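Structure first, then comments.
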Amino acid sequence: MAKISILSDQVANQIAAGEVIERPASIVKELVENSLDAGATSIEIEFKKGGANAIRIEDNGCGMSKDDALLSLERHATSKITSADDLDTLDSMGFRGEAIPSIASVSRFLLQTRSQDFDVGTEILVDGGKLVHCRECGMAIGTRISVSQLFNTVPARRKFLKTVATESAHIVHAARLYALAHPEVSFALIDDGRTLFRTPACRSLKDRVMEIYGKGSVGRLIEVDESEKDLSLRGLIGAPGHSRSSRHEMLMFVNNRPVDSRTLGYALIESYYGHIPKGRYPVAFLFLEVPPAQVDVNVHPAKREIRFRNESSVRGFAVRAILKALKSVVEVAAAPVELELKRNPAPAAPSAPKARLQFRSDAVASPLPGPSKPVESTKESPQRQSEPDQSDAPSQPEPQTASRDAPWRFAGWAQGDYALFDTDAGIVVLDVKAAQKRVWYERILVSQENRSVERQSLLLPVPVEFDPVSAAVLSDNMEFLESFGVEAPPFGRNFFRIESVPSWLAEGEAETYLRDVVELLRRGDISDRKATNNQELLAKHAANRVARSTDSTTEEELEALVDSLFQTSNPLTDPEGRPAFIEIARSELNRRFHKSG
């Protein structure tokens, strides 16, 4: 076994960099935190090629003297704390003193700074952890840090960086978080010479959200402002029905520090149960104030995660505060429940012929013909239910696949979305929306594969405002979207006008569909380099959009739907793999009712 030795400062800094500097966005995070701790009222962030080529952070904070600037390059050198007890009263963003030496050890690092006590500034250049020079420079009060050639001393780390678009998105996300956390500070974000956003100091969070996410987003937000003992929760959350397809806009801050908190995340999602569709996520900009001694911000090297001393009390308080805000905008009408029992009409005489839907439940590999005559009901359809689906209903058994003929006779509706059929072998329950999704999924997929997406021009174009990042993504993917039937040319700064959509999409869904597709592009789920994946994902997404409400489905439309379902490649499931229908055999019914046969 080799002898134990003490690592050199350079190696120790590079190891620390592996914990603190995960990607270029980590550098932006650490340096912006330093700028805020220095009392800056103006911060400019510029980066190139996703930050791998260059990052510049400039502020008008208090700056540093020459001695402090040199000392900042040493590990564990900090002005934020002096003893362990200070962690219980921490009110600064940084405190470890590892960020600057870690960054300087894996890049070409240029620090220029000046405090108000000096007429000239100090310039320090460090290359891969080695000091190149320290000299005077002309400089306004404040600090400018330029980082280039990231991971030049550890080239293997560069291979783990994602695409330029992905790394850029992480930087933009980090910049937006700190801009939201500090509305009183002006922020500018520049990507390869293009200004993504430039926001002045704002008087309120709502003004800052409007500057970054656009004016249209503010109108669908409601305020949260609750206090309980030593806890306080304030901010903005989406009104009921206002949601996103990802968690990107579930933003949470604890004592003005952007954090990933499972406690707050679960509280937020739990509070929106019944207010947004399942699989969608709320929009939220929430700020929790808690005594510093009640939260540990030192559980993660990058200070990204936190831990509350009393998780349950924080979660309970957050749920109560959010529910109260939601309740303030929702009128709850408590209508009496009416229970209506009707006797089933007498079954039709055996001699009366019924129209049949002839197919077998094993028709997966080869489509079978649909009905040749309209479906006739064996009784009058009962009053359709209008209550929402329960997402936590018990799971249903999988469809049976016995190879036998099973004539279907429409019997009525149940629970809003389910069509009931009586068969010689038992009962069939058809999930109408699942069937619609399967049919539309295959139609849309075929049109996309054949590059024959039909589009419809909108009589009145739909104006849409995006945040600067989404606007840039949309501008860069105009041609790509047009190939899928969407035309949305720019119409001013961060504004676009939807002029045409695929023919299968309802006009009222145009804005929501475009926003969801842009979100998929931002996440990298689809791109102009993933043709097959694009078609599959967008077809599934589109099928979910065009699945109609079943409230107005007629028996003739139901006949056509079942006919179309059994012309698809897999009539047993919807595009996500959930059952399109289930069969309950007569033997199972007899067993449940304790009958012999």
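Quick one: in the stretch 504-535, which of the residues that are at pLDDT below 80 and polar (S, T, N, Q) is farthest from residue 446 (Cα to Cα)? So the residue we want is 527. When residues in the stretch 489-506 are screened for being among the small types (Gly, Ala, Ser) and either more than 20 Å from residue 546 (Cα to Cα) or part of a strand (DSSP E or B) (or both), 2 of them pass.
Where strands (runs of 3 or more DSSP E) fall wholly inside the stretch 110-212, the ranges with 3 or more residues that are surrounded by 20 or more Cβ atoms within 10 Å (Cβ to Cβ) and more than 32 Å from the chain's Cα centre (by Cα) are 121-127, 142-148.
Looking across the stretch 472-487, the residues that are of a type in the set (A, V, I, L, M) and closer than 18 Å to residue 213 by Cβ come down to 472, 473, 474. Selection over the stretch 426-440 of residues that are farther than 11 Å from residue 580 by Cβ and surrounded by 18 or more Cβ atoms within 10 Å (Cβ to Cβ) gives a count of 1. Please work out if residue 439 is modelled with pLDDT of 85 or more and touching a strand residue (DSSP E or B) at 6+ places or on another chain (Cβ under 8 Å). The answer is no for residue 439. Here residue 526 meets the list (1) under 15 Å from the mean Cα position of the chain (by Cα); (2) in a helix (DSSP H, G or I); (3) not charged (D, E, K, R) almost entirely, failing just condition (2).
Within the option set 235, 265, 241, being under 17 Å from the mean Cα position of the chain (by Cα) and on the phi > 0 side of the Ramachandran plot holds for one residue only, 241.
The values are calculated or read from the model by the stated rules, or taken from the named source; none is laboratory data. Here the structure is a predicted model, which means the values were calculated and not measured. Methodologically, a virtual Cβ is constructed for each residue, glycine included, from the backbone with ideal geometry; neighbour enumeration extends over all protein chains shown.
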